[in-house]
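The values are calculated or read from the model by the stated rules, or taken from the named source; none is laboratory data. Please read these numbers as outputs of a predicted model, since none were measured by experiment. Neighbour counts run over all protein chains shown; Cβ positions are idealised from the backbone, glycine included.
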Amino acid sequence: MKSRKQNELQKPQRPSIKAKAVAAPGRRLDRYAVRKWFFGSKDTQGVGKLIAIYGLLICIGFVYLYPLLYMISKSLMQRADLLDSSVNWIPSVLYVKNYVDAFTSMDFMRTLWQSVVIAGAPTLLNMVMCAVIGYGFARYDFPLKNVMLGILIFSFIIPPQITMMPNYLLYNDLKILDSIKAFLLPAFLGQGIKAQLYILIFFQFFRQIPQALIEAAKIDGCGHFKTFLRIAVPSAAPAILVVFLFSLVWYWNESYLTQLYVCGVLGDSFWNTLMVALKGFNDSYSQVGGSVTGEAMGSLNEGIKMAATMLSILPVLLLYFVLQKQFVESVDRTGITGE
Amino acid sequence: MAVPIIVVFALIIALLLNAKIKGKGVFRLIFFLPVIIASGPVMAQLVSQGAGSIPAMNTSMIESMIGFLPGFIVSAIMGLFENIVMYLWYSGVQILIFLAAVQKIDNSLYEAAKMDGGSTWECFWKITLPTIKPMTLLNVVYTIVYLSNNEQNTIIETIKDAMFGTTGSKGYGYASAMAWLYAVIVTLLVIVFAAALALKKDVYAKKAKKYRKEQKKQERLIRKIEKRGEQYEKQKAKRTAKAAKAVH
C-alpha cells in the first residue's frame, strides 16, 4: 500500500517533457527500487514483508503475553491498589513484599530444588528411552511393527484420567508410591507422561535420515549402536531439544499426578514441588499471614497468589531462554541433512 | 474444524519465527509461553481471573461485514473468531514441533532452488512443505488427541463425573466403558486424518526395497537352478555308476 502512495506522490512532481524523456529510464529504475525496497527481492527482505512479519508476531505475541503482564502487574500491587478501581495496570508503588511473602510461605529454595529433581530426572530418562524406542521403530523392520505402532498411538488416545486409578493400584503393589521411583520407573520403560508423543517425534525425525547415510556408516564399520550415536542422534538435535523442553515443562506443571504418586495424598511426604505448593497455597498462606481476615483476604491473596504463580513458572522460562539459542546452533553444527 | 486451523496457524508462526528477524530470542520466548501456561494450574487460575480472552474483541462488526454470505458460513466464521484466542493457546506445542522440523531443512536446498530461479513461494510449496510432511501428520494427531483429551472437553468431564462424582455416580466400570468407546471414536478420527495425509514412502527407500526384493528373487532362482543341477549331477553319477556296475 505504501509503495502505491509514494508513486502517486511522485506523479505531480513530474518535470517537463524533455526532462521526462531523459529521466525515463531512471524513473522506471526508481519504481523498481521502491518495489524492491518494499517487497524485497530473492535474497533481501523488503520493508513491507518485515512490517508484516513483525506485526503478526507482535499481535499474536500480545495474546500470549497478556496473562503474563496481568500477573506481573497484579503481583506488584499493594492491598490498597488491588481494592482501588482507579488503579488498573500500573501499581502506585512497586510493592515487592508480595514476592517475599510468597517466597517464605512456599519454602521456595527447598521446593525449587525438589521440583528440579522431580521434573529433571524423569525428563532425562524420557529423552534417552524415547530416542532409543523411536530409533527402533524408524530403522528396523520386525514382525508386527505396524500393530505395535498402532497400539502406541491408541494408548496415546485413551483418556489419561481412566488409566490413573489402575496405575495407582499397580504402583501400590510394586511399592514405589510416595517416592520419586513412581516417576522414574515408568519413564525408564518409556511410559512417562506423554511419552508416546516423544516417541512419535523421534520416530519421524529418525525416519528422515537418508538411508544412504546409514548404509555408508555400515560400510565404514559402524555397528548398530555406533550408528545410532554418531549419525542418528546428531541429526535429530532439534528433536532432542524439543522433547527435553516438553518433557520438562509437563513434569514441572503436573500437579495432580505428582501429588498422587510422588508427594503422597496426605502431603506428609518428603517430596514437594512448586506446582503442588502453588495448589495448596491458599492453605499455607492463611497459616503464615493469619492476621488477615474477612473481605480483604480474597483480594489480598490475589496479589500474593500471582507472585507465587510467577515464581513457579519463572525457572522454566529462564531455562528456555538459555536453551532456545541451541535451536539454531545445533543445526549448524551437524550439517548432515537431505540427500 | 479446529484441527486444520491450529495446525496451519502453528506452521505459519513457526515459519515466521524462523525468518531472519531481530529479537528472535524474545519472540521465541513469547511463543513458548502457551506451552508452559496452558498446561498446569496456572491456566485454570488465569481463566478464573478472566485473563484468558482478549477483552476488546469486537465480533459484531465482523458479523455485519460478512453478513451477505449464507448463514452457515457466517456462523462458521463467527465461531472461528469467538474461539480464536483458545485456538492460539492450544497451538504452542505444535509451533515448537514445526520450528524444530523447519530448522532441520538444509539451507543449501533453498540456495539451489534460488539459483534455478524459484521464488520464495515456490520454495515453500516444493521444499518446506514436503520435508515437514511427517511432522504435519504428527501435529495433526497430537492436536486431535489433545483437543479430545482436554480437561475442558465436555465428554471428558462427563467421564470424570461418572468416575468420581458422588451423586448419581454409576461407578468406575461405567466410566471405563465410556472412555473406551470414546477412545475408539477418536481413533477412527485419527485414522481418517492420517489417511488424508497418507505418507508417501521415500523414493530411495522404495527403490532399495524393490532392488532387494529382486535380488532375493534372483538368488532364489540361482539356488533353484543350482539344486537342479546338483540333482542332475547326482543322477548322472548314479547312472554312470550303475552303468559301470552293469559293465563289470
**Asked** Just to be sure, is A:Lys181 among the charged types (D, E, K, R), crowded, with 16+ Cβ neighbours inside 10 Å and more than 16 Å from A:Leu260 (Cβ to Cβ)?
**Response** no
**Message:** Every residue in the stretch A:189-212 that is surrounded by fewer than 16 Cβ atoms within 10 Å (Cβ to Cβ) and either in contact (Cβ under 8 Å) with a residue 24 or more places away in the chain or aromatic (Phe, Trp, Tyr) (or both), please.
**Reply:** A:Leu189, A:Ala212
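Can you pull out every residue in the stretch B:14-26 that is closer than 19 Å to B:Val141 by Cβ and either more than 17 Å from the chain's Cα centre (by Cα) or in a loop (DSSP other than H, G, I, E, B) (or both)?
Matches in the stretch B:14-26: none.
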**Item:** Residue that is surrounded by the most Cβ atoms within 10 Å (Cβ to Cβ) [pool: residues in the stretch A:107-121 that are among the β-branched types (Val, Ile, Thr) and either touching a Cys at 6+ places or on another chain (Cβ under 8 Å) or under 17 Å from A:Ser247 (Cα atoms) (or both)]
**Value:** A:Ile118
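Would you pick out the residues in the stretch A:52-76 that are among the small types (Gly, Ala, Ser) and under 18 Å from B:Val35 (Cβ atoms)?
Across the stretch A:52-76, the qualifying residue is only A:Gly61.
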**Message:** For the stretch A:154-178, which positions are out of contact with any Cys (no Cβ under 9 Å at 6 or more places or on another chain), crowded, with 18+ Cβ neighbours inside 10 Å and in contact (Cβ under 8 Å) with a residue 60 or more places away in the chain?
**Reply:** A:Tyr171, A:Leu177
**Prompt:** Considering A:Gly192, A:Gly134, which residue is among the small types (Gly, Ala, Ser) and away from every other protein chain (no Cβ under 14 Å)?
**Reply:** A:Gly192
**Message:** Which of the numbered conditions does B:Met43 fail, given that it passes all the others? Conditions: (1) more than 9 Å from every other protein chain (Cβ to nearest Cβ); (2) at pLDDT 60 or above.
**Reply:** (1)
**Message:** When you scan the stretch B:153-171, do you find a residue that is modelled with pLDDT under 80, at positive phi, part of a helix (DSSP H, G or I) and surrounded by fewer than 17 Cβ atoms within 10 Å (Cβ to Cβ), even just one?
**Reply:** yes
**Message:** Condition check: surrounded by 13 or more Cβ atoms within 10 Å (Cβ to Cβ) and aromatic (Phe, Trp, Tyr). Does A:Phe225 satisfy that?
**Reply:** no
**Item:** A:Asp141 vs. criteria charged (D, E, K, R) and away from every other protein chain (no Cβ under 14 Å)
**Value:** no
